[in-house]
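Worksheet for the structure shown next.
Computed from the coordinates by the stated procedures, all read-outs in this text should not be read as laboratory data. All values derive from a computational prediction rather than experimental measurement. Heads up, the Cβs are rebuilt from the backbone with ideal geometry, glycines too, and the neighbour counts pull from every protein chain shown.
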């Protein structure tokens, strides 16, 4: 338990350091942290699926991981000139190139390449690298005039992701410990026997509380509490959905490890496992929070001015 706390504290310190560098210096600092997670996470998933792929496929996917995050970050950095993001275009091109390359291997090296190995290789590219490109997108959300008024920018988006996800995990853990014996019903007994329904409820509560804490702290920092009666419930909803996505991400990771018959993806974080064991919920929380921001920026901000 002590080792887990130390590792968790170190992780929080690293994320906070790179977040401050993003806010105070440049967005690309946080891209560097995402890049590190993509490379290590891809190495972990390739190692875990080593028996299902060949060396050429693993090298190809690793190259995809090394190239994609910086390319996406640079493409998104162009928004400083015209307010648009081109990262998704870059992701699409690179993933298309990867898919075609794997199909070429299937033809040229058909004796040692199976359809299963092609599928596993594509999966290893999606999880985590392609999912992490959405975090790069979140890190470079262009600033709109209406968004600036309510500080609805990339700083807030990243803050949401990296506060809501840990809050959901912590509350789920403590609710499970406190009330698990009283309400022992399992959430997904075949995938993750230790997760309980009451723990999941605690995780959702943690997400909502996290959303409220973000609202208070962030708006104190920017000095604006305009339309609190409207925005505070919005923050609660984003926190709730982010927490739900976090717990789904945990189940996805549990399912993958059960399919591969392994306990942890790696050992880089003692007590937690590998990078994928730590960021599994974050990958899916990013999707939920990013979609919420897109909806708010497209359909809410233009009407409230």
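Key figures
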quantity: For segment 33-108, alpha-carbon Rg over 2.2 N^0.38 Å; calculated: 1.26
quantity: Descending semi-axes in whole angstrom, ellipsoid equivalent of the chain, from the Cα gyration tensor; calculated: 32, 27, 16
quantity: Estimated [θ] at 222 nm from DSSP helical runs (n ≥ 4, -39500 (n - 2.57)) normalised by residues in the chain, nearest 500; calculated: -25000 deg cm²/dmol
quantity: Sequence of 133, 9 once ranked by neighbouring C-beta atoms within 10 Å, starting from the fewest; calculated: 9, 133
quantity: Hull shadow area, averaged, segment 144-305 [alpha-carbon convex hull, nm²]; calculated: 10.5
quantity: Whole-number percent relative contact order across segment 144-305, with pairs defined as alpha carbons under 8 Å at least 6 apart; calculated: 25
quantity: Förster radius 30 Å - calculated FRET efficiency between residue 20 and residue 228, Cβ distance, rounded to 0.05; calculated: 0.70
quantity: Residues 297, 109 arranged by fewest to most Cβ contacts within 10 Å; calculated: 109, 297
quantity: Which of 53, 101 has the fewest Cβ neighbours within 10 Å, and the rest in rising order; calculated: 101, 53
quantity: Chain lengthening between residue 6 and residue 267 when straightened (0.36 nm per residue, less Cα-Cα); calculated: 92.6 nm
quantity: Theoretical gain in end-to-end length, residue 177 to residue 108 [0.36 nm per residue, Cα-Cα removed]; calculated: 19.4 nm
quantity: Label-point separation, residue 55 to residue 213 (7 Å along Cα→Cβ), nm; calculated: 4.9
